[in-house]
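Q: Could you have a look at this structure, given as structure tokens, before my questions?
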Amino acid sequence: MSDLQVRGTITSISEVKEGSTKAGAPYKAMSFLVDNGEEYNNLFSFDLYQGDGKDNIDKFIQYNSVGMLVDVKFNIRTSEYQGRHFTSLSAWSIFKAEGDGTEEDLPF
């Protein structure tokens, strides 16, 4: 499977939640919403997790804000809890989008 990616505008950013794992390790979690501007299936809710000495949430907050056009690479994760399955989009790369993706940006 190739990388999954979406380009869109950040429309909301959740508060950061902090906690600890069963093993006692600290973690942070948050989510953000991206609108790709399409008529249908245009909203993507991404989850971010930070633990094990990583700083991805801290960097996200430092460099991103509502209204920014971004490219997001992500994985689809499915987990099971008490016989029910839950699917989430786990962002692993978020960068400010270059250009606005219009035909005027094409080199020909």
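Q: From the list V34, V72, exactly one residue is in contact with a Gly (Cβ under 7 Å, 6 or more places away or on another chain), of a type in the set (V, I, T) and modelled with pLDDT of 95 or more. Which is it?
A: Result: V34 is the single residue among V34, V72 that is in contact with a Gly (Cβ under 7 Å, 6 or more places away or on another chain), of a type in the set (V, I, T) and modelled with pLDDT of 95 or more.
Q: Okay, next question. Name the one entry in S45, S90 that is at pLDDT below 95 and either assigned to a strand (DSSP E or B) or within 15 Å of S14 (Cα to Cα) (or both).
A: Values: S45 fails: at pLDDT below 95.
Residue meeting the stated conditions: S90.
Q: Output the residues belonging to the range 1-28 that are surrounded by fewer than 11 Cβ atoms within 10 Å (Cβ to Cβ), small (G, A, S) and in contact with a strand residue (DSSP E or B) (Cβ under 8 Å, 6 or more places away or on another chain).
A: G19, S20
Q: While we're looking at this one, here's another question. From G67, G19, G53, which residue is at pLDDT below 95 and assigned to a loop (DSSP other than H, G, I, E, B)? So that I can check it myself, show each step before the final result.
A: On the way: G67 fails: at pLDDT below 95; G19 fails: assigned to a loop (DSSP other than H, G, I, E, B).
Just one listed residue meets the conditions, G53.
Q: Let me ask another. Does S31 satisfy the criteria of being of a type in the set (S, T, N, Q), farther than 15 Å from I10 by Cα, in contact with an Asp or Glu (Cβ under 7 Å, 6 or more places away or on another chain) and surrounded by 12 or more Cβ atoms within 10 Å (Cβ to Cβ)?
A: no
The values are calculated or read from the model by the stated rules, or taken from the named source; none is laboratory data. Model, not experiment: these values are computed from the prediction. When we count neighbours, we look across all protein chains shown, and the Cβ atoms used for this are built from the backbone with ideal geometry, even at glycine.
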